[in-house]
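These notes concern the structure reproduced below.
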Amino acid sequence: MRKPSRAGLGLLRGGGEDDPLAGVANLFDTGIVFALGFLVALISALNLLAMFDPNSRVTITTEQSDGSLEVVVKDGQKTTVRRVTKQVGAGDGTRLGVAYRLADGTVIYVPESKE
């Protein structure tokens, strides 16, 4: 049985043919791996794994710098973004009923009769 020669494996080649930019591709690959690792760590740290579950309901509330609120609601496959400001709504409409707050904090809505 014959032993493979070391020269045939490419281990004894001359060192003059090395490309100094050959390591750049390895640095790019390493950067991509680190970026994906940080992305996975961020998602798990913020407990956002439920955002990727198609059967879950997730609500995220964010307060903006101008004082308005942004509410993101993901219910199954549907995602809704609502922006709430401190402006009071105005316009024409009809009275639907009366709401009462009880001593224990619950709110009861009493619709008006249509007489």
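The values are calculated or read from the model by the stated rules, or taken from the named source; none is laboratory data. Because the structure is a prediction, the values reported are computed rather than measured. Note that we place each Cβ from the backbone using ideal geometry, even for glycine, and neighbour counts take in every protein chain shown.
Return yes or no: is T85 free of Cβ contacts under 8 Å to residues at least 60 places away in the same chain, hydroxyl-bearing (S, T, Y), farther than 30 Å from N55 by Cβ and surrounded by 10 or more Cβ atoms within 10 Å (Cβ to Cβ)?
For T85, the condition - free of Cβ contacts under 8 Å to residues at least 60 places away in the same chain, hydroxyl-bearing (S, T, Y), farther than 30 Å from N55 by Cβ and surrounded by 10 or more Cβ atoms within 10 Å (Cβ to Cβ) - is met.
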| remark: Across region 46-101, the tally of residues that are farther than 30 Å from K114 by Cα, more than 20 Å from the chain's Cα centre (by Cα) and either in a strand (DSSP E or B) or of a type outside the set (G, A, S) (or both) stands at 5
| query | Which of the residues spanning region 19-42 are of a type in the set (A, V, I, L, M) and assigned to a helix (DSSP H, G or I)? | reply | V24, A25, L27, I32, V33, A35, L36, L39, V40, A41, L42
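With respect to V58, is the statement that it is within 30 Å of I43 (Cβ to Cβ), surrounded by 10 or more Cβ atoms within 10 Å (Cβ to Cβ), at pLDDT 90 or above and not assigned by TED's automatic domain parsing to the domain that holds I43 true?
No.
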